[in-house]
Amino acid sequence: MTVLGIETSCDDTAAAVVVDGTLVSSVVSTQLEHAEWGGVVPELASRAHERAIVPVVAKALAEANLSRSDLDAIAVTVGPGLIGSLLVGVSFAKATALALDIPLVAVNHLDGHLASLYLSEDQPAFPHLNLIVSGGHTQIMKVHSSHESALLGKTRDDAAGEAFDKVGKLLGLPYPGGPEIDRRSTRGDSTFHAFPRTRLKGYDMSFSGIKTSVLYHLNAISEDAREDYLREHIDDLCASFQEAVVDMLVAPVKKAMKDHRIRDLGLVGGVSANSRLRTRLSEMVSGLNGRLFVPPMVYCMDNAAMIAMAGYHQFTSGVTAPLTITADPSLSLA
Ligand code: KG4
Ligand code: ZN
């Protein structure tokens, strides 16, 4: 079974091929035009996807040594994401499936992130928990099988990655703020300032309060003194903020693992690149005699390998989509 996966939900145009459950090619073209705006500009994103989709798919097929006629199905991200971006991938996938007369598989982007764990040889046992943490999503899933999962908790406002990026902007750091805050934190003192941790009942999370408290902390310093203060303490502020975010992620995951008596934990999505989050989760999981699974960095960020893999599992369990499907920007995973 040969499945082409297509991902265009945000600012990465990606295509990949999975043959009989094994990844054979993966191409990602990341849009660079958003950096100067400090965030993804939806209109620029959809136009860039239109320019990139044909060459990116051609490259994925070429790297797999395959032609279109070898494909058995096309899997595409239908949501959640930016509507204009999603539509480019969905329209391309529908047209190609129609032209080749092969089935279409509709993949939820979050199911794709869950499937990024199946790209490695060493895989978690079922059921396992998975913390999906990116610029758009922060949620804890209980994963029962390769195509069945249940939502345990999620952020009620900002995603954790969004908080990193917004605080990066407040501190005058380049976009995206996450990797830069991570780097600076290694040189900073995480006990420099105790930003408040929001703890909700159950497994839900909230990251809008911490962003506001960083803003208030900076506003409390007179404008004349702020530049010097930041020059001296920016690394300490990064470390203090990061520690608070990590605390707010680790606590509900630990509670969910204990309550559900689960030992294996997956960590996926862009923020899984965060070194402190990895360390803290790995310590927490070891304390529960469990194991932490994190995909290789290239598959933590948005990519089509995970979409092709999720699509392969759906397709081989008989789930396909009609050509009438459309993009759903607010699709959730329940
Ligand atoms: O999954 P992703 O590539 O795109 C989506 O948002 O779906 O994740 C991007 C997010 C950004 O918010 C970025 O700041 C964050 O992941 N990120 C990090 C790190 N690397 C990427 N956040 C914290 N620490 C990092 N090392
Ligand atoms: Zn994503």
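For (1) modelled with pLDDT of 95 or more; (2) within 16 Å of ligand 2 (Cβ to nearest atom), each residue gets a yes or a no:
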{"position": "CYS238", "(1), (2)": "yes, no"}
{"position": "GLN242", "(1), (2)": "yes, no"}
{"position": "VAL250", "(1), (2)": "yes, no"}
{"position": "THR279", "(1), (2)": "yes, no"}
{"position": "MET284", "(1), (2)": "yes, no"}
{"position": "VAL294", "(1), (2)": "yes, yes"}
{"position": "LEU331", "(1), (2)": "no, yes"}
**OP:** Take segment 52-61 and flag every residue that is closer than 20 Å to MET309 by Cβ and either hydroxyl-bearing (Ser, Thr, Tyr) or open to solvent by 20 Å² or more (accessible area, probe 1.4 Å) (or both).
**Re:** LYS59
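Return the residues of segment 122-153 that are within 14 Å of ligand 2 (Cβ to nearest atom) and at pLDDT 95 or above; say none if nothing qualifies.
Scanning segment 122-153 gives ASN130, LEU131, ILE132, VAL133, THR138, GLN139, MET141.
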**OP:** Search segment 253-275 for residues being more than 18 Å from ALA150 (Cβ to Cβ) and either more than 16 Å from ligand 2 (Cβ to nearest atom) or polar (S, T, N, Q) (or both), and hand back the single one that is surrounded by the most Cβ atoms within 10 Å (Cβ to Cβ).
**Re:** ASN274
Original post:
Out of the residues in segment 67-113 that are in a helix (DSSP H, G or I) and in contact with a Gly (Cβ under 7 Å, 6 or more places away or on another chain), which is farthest from ligand 2 (Cβ to nearest atom)?
Top reply: LEU86
Original post:
Which pairs do you get when a residue that is over 18 Å from LYS94 (Cα atoms), found in segment 309-334, comes within reach of a residue that is of a type in the set (Asp, Glu) and part of a helix (DSSP H, G or I), reach meaning Cβ atoms under 7 angstrom, with the pair 6+ apart or on two chains?
Top reply: LEU333/ASP111
**OP:** Could you tell me whether any residue of segment 315-332 is outside the structural domain of SER272 (by TED's automatic domain parsing), within 16 Å of ligand 1 (Cβ to nearest atom), out of contact with any Leu (no Cβ under 9 Å at 6 or more places or on another chain) and under 23 Å from LEU119 (Cα atoms)?
**Re:** no
Original post:
VAL250 fails exactly one of the following numbered conditions: (1) touching a helix residue (DSSP H, G or I) at 6+ places or on another chain (Cβ under 7 Å); (2) in the same structural domain as GLY168 (by TED's automatic domain parsing); (3) surrounded by 22 or more Cβ atoms within 10 Å (Cβ to Cβ). What is the number of that condition?
Top reply: (3)
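Filter segment 300-317 down to the residues that are at pLDDT below 95 and within 15 Å of ligand 2 (Cβ to nearest atom), then identify the one that is least open to solvent (accessible area, probe 1.4 Å). Explain how you work it out, then say what you get.
So in segment 300-317, the residues at pLDDT below 95 come out as 300-302, 317.
Then keep just the ones that are within 15 Å of ligand 2 (Cβ to nearest atom); that gives 300-302.
Working: CYS300: 0, MET301: 82, ASP302: 33 Å².
So, considering only residues that are at pLDDT below 95 and within 15 Å of ligand 2 (Cβ to nearest atom), the one least open to solvent (accessible area, probe 1.4 Å) is CYS300.
Collect the residues in segment 24-51 that are crowded, with 21+ Cβ neighbours inside 10 Å and either in a strand (DSSP E or B) or in contact with a Cys (Cβ under 8 Å, 6 or more places away or on another chain) (or both), keeping them in residue-number order. Steps first, please.
If we filter segment 24-51 for residues that are crowded, with 21+ Cβ neighbours inside 10 Å, which is where we start, we get 25-27, 45, 48-49.
Across segment 24-51, the qualifying residues are SER25, SER26, VAL27, ALA45.
Suppose we filter THR191, THR198 for residues that are among the hydroxyl-bearing types (Ser, Thr, Tyr), away from ligand 1 (no atom under 16 Å from the Cβ) and surrounded by 14 or more Cβ atoms within 10 Å (Cβ to Cβ); which single one remains? Full working, then the answer.
Numbers: THR191 fails: surrounded by 14 or more Cβ atoms within 10 Å (Cβ to Cβ).
From the options THR191, THR198, the qualifying one is THR198.
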Original post:
Got at least one residue in segment 62-78 being open to solvent by less than 10 Å² (accessible area, probe 1.4 Å), closer than 22 Å to LYS154 by Cα and not acidic (Asp, Glu)?
Top reply: yes
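Tell me the residue from SER145, SER120, SER134, SER149 that is within 10 Å of ligand 1 (Cβ to nearest atom) and among the polar types (S, T, N, Q), please. First the steps, then the outcome.
Values: SER145 fails: within 10 Å of ligand 1 (Cβ to nearest atom); SER120 fails: within 10 Å of ligand 1 (Cβ to nearest atom); SER149 fails: within 10 Å of ligand 1 (Cβ to nearest atom).
After ruling out the rest, the residue left standing is SER134.
Give the residues of segment 3-23 that are farther than 21 Å from LYS169 by Cα, among the acidic types (Asp, Glu) and surrounded by 15 or more Cβ atoms within 10 Å (Cβ to Cβ), sorted by residue number. If you could, list the steps in order and put the result at the bottom.
Residues of segment 3-23 farther than 21 Å from LYS169 by Cα: 3-9, 12-23.
Next cut, among the acidic types (Asp, Glu) only: 7, 12, 20.
Residues satisfying the conditions are GLU7, ASP12.
Filtering segment 177-200 down to residues that are part of a loop (DSSP other than H, G, I, E, B) and of a type in the set (Lys, Arg), which residue is farthest from GLY135 (Cα to Cα)?
Of the residues in segment 177-200, the ones part of a loop (DSSP other than H, G, I, E, B) are 186-200.
Now drop any that are not of a type in the set (Lys, Arg), which leaves 187, 197, 199.
Numbers: ARG187: 24, ARG197: 19, ARG199: 20 Å.
Checking each candidate, the answer is ARG187.
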Subject >> Failed criterion for ARG156 (all others in (1) away from ligand 2 (no atom under 14 Å from the Cβ); (2) within 22 Å of ILE307 (Cβ to Cβ); (3) not small (Gly, Ala, Ser) hold) >> reply: (2)
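The values are calculated or read from the model by the stated rules, or taken from the named source; none is laboratory data. Since we're looking at a predicted model, the values are computed, not measured. Using ideal geometry, Cβ is built from the backbone for each residue, glycine included, and neighbour counts are taken over all protein chains shown. Just the protein is used for accessible areas: all its heavy atoms, side chains included, with ligands, DNA and RNA removed. Shrake-Rupley method; radii C 1.70, N 1.55, O 1.52, S 1.80 Å.
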